[in-house]
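Notes follow the structure.
The values are calculated or read from the model by the stated rules, or taken from the named source; none is laboratory data. If you're wondering where the values come from, they're calculated on a predicted model, not measured in any experiment. Virtual Cβ from ideal backbone geometry, glycine too; neighbours counted across all protein chains shown. SASA here: full protein model, heavy atoms, side chains in, ligands and nucleic acids out. Shrake-Rupley method; radii C 1.70, N 1.55, O 1.52, S 1.80 Å.
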Amino acid sequence: MSDALTLPAETRERAGKGASRALRRDGRVPAVIYGGKEEPVMIHIEEKELVKQLMTGHFMNSIVEIELGGQTLRTLPKDVALDPVKDRPIHADFLRMVKGGKIDVQVPVVFANEEASPGLKKGGVLNVVRHELELVCDNDRIPSEIVIDVTGKEVGDSIHISEVTLPEGSESAITDRDFTIATLVAPSALKRAEGEAGDDQTGAGMDAGGTAATEQGPDDDAAQEQEDKSE
């Protein structure tokens with residue numbers, strides 16, 4: 001997981017829209033720390049510091065150590081609400097980390113050894129269906145990324161979750177099917193060349209041995225998942 005971030009905070013005594021508006025006028029963002037067996041704690045944090053950490057690109061997948069009244073509380077960001085017009089943070093939620101606890105997180109996928117994939121070397125395209133994996137992890141062992149090796153992959157091959165070795169303490173949150181993460185497909189230029197030349201496996205306009213850019217596309221199980229969520 002990414003290195004822990006530090007966020008100074010102060011306790012807020014009052015809740016409600018009026019109190020929250022007053023904090024925002026002063027450049028502060030109201031927030032809540034919840035989880036575990038303790039009561040939720042209402043806090044406020046500096047807007048500029050929160051924006052700075054959001055701009056790192058990995059804030060939502062980082063442990064955030066909130067410094068509050070001489071204590072350091074280890075948390076995970078769960079939500080940052082943004083103003084729909086000004087796009088500035090107006091509220092944040094943090095989940096308190098407890099010893100031995102589990103957390104549901106989205107972890108980015110990274111593909112390795114693309115130069116060792118025969119299909120990519122022939123001009124195939126890595127069609128990424130899921131750029132992140134939803135995992136259930138020990139809250140003190142959250143991986144920063146999941147690396148998937150594409151060595152030996154040919155055009156037409158698919159990569160499913162069952163092929164991925166997850167780090168110790170992590171498991172897929174989706175357990176009812178062997179879902180697709182990526183497929184190796186022929187670009188339209190390569191398909192046309194195959195139809196014209198039979199066994200020609202080099203994409204038009206691409207040098208033999210070149211690796212095509214990664215593209216994104218849907219698959220059947222991802223489409224079904226979207227349909228299930230909409231019901």
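With the requirement that a residue be of a type in the set (Ser, Thr, Tyr), without any contact (Cβ under 8 Å) to a residue 24 or more places away in the chain and touching a Ser or Thr at 6+ places or on another chain (Cβ under 7 Å), what does the stretch 145-184 give you? Selection gives nothing. Looking only at residues in the stretch 157-169 that are small (Gly, Ala, Ser) and modelled with pLDDT of 95 or more, the one that is surrounded by the most Cβ atoms within 10 Å (Cβ to Cβ) is Ser158. Of all residues in the stretch 122-132, none satisfies being closer than 30 Å to Pro8 by Cβ and either in contact (Cβ under 8 Å) with a residue 60 or more places away in the chain or aromatic (Phe, Trp, Tyr) (or both).
Quick grid of which residues meet (1) open to solvent by less than 80 Å² (accessible area, probe 1.4 Å); (2) farther than 20 Å from Ser170 by Cβ; (3) assigned to a strand (DSSP E or B):
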{"residue": "Glu13", "(1), (2), (3)": "no, yes, no"}
{"residue": "Arg21", "(1), (2), (3)": "no, yes, no"}
{"residue": "Pro30", "(1), (2), (3)": "yes, yes, yes"}
{"residue": "Lys37", "(1), (2), (3)": "no, yes, no"}
{"residue": "Val51", "(1), (2), (3)": "yes, yes, no"}
{"residue": "Ile63", "(1), (2), (3)": "yes, no, yes"}
{"residue": "Leu76", "(1), (2), (3)": "yes, no, yes"}
{"residue": "Lys86", "(1), (2), (3)": "no, yes, no"}
{"residue": "Asp93", "(1), (2), (3)": "yes, yes, yes"}
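Between Arg130, Arg96, Arg74, the distinction of being touching a Leu at 6+ places or on another chain (Cβ under 8 Å), farther than 22 Å from Arg21 by Cα and basic (Lys, Arg) belongs to Arg96 only.
Inside the stretch 20-42, residues that are among the aliphatic types (A, V, I, L, M) and in contact with a Lys or Arg (Cβ under 6 Å, 6 or more places away or on another chain) make up a count of 2.
Taken over the stretch 101-115, the criterion of being over 16 Å from Ala182 (Cα atoms) and touching a strand residue (DSSP E or B) at 6+ places or on another chain (Cβ under 8 Å) is satisfied by Gly101, Lys102, Ile103, Asp104, Val105, Gln106. When the stretch 125-153 is limited to residues that are open to solvent by 70 Å² or more (accessible area, probe 1.4 Å) and assigned to a loop (DSSP other than H, G, I, E, B), the one that is farthest from Leu95 (Cα to Cα) turns out to be Thr151.
Pairs meeting the criteria (first residue in the stretch 63-80 and among the acidic types (Asp, Glu), second residue open to solvent by 80 Å² or more (accessible area, probe 1.4 Å) and assigned to a strand (DSSP E or B), beta carbons under 6 Å, at least 6 apart or on different chains) are Glu65/Thr72; Glu65/Arg74.
Criterion first (within 30 Å of Leu166 (Cα to Cα) and open to solvent by 50 Å² or more (accessible area, probe 1.4 Å)) does Lys102 satisfy it? Yes.
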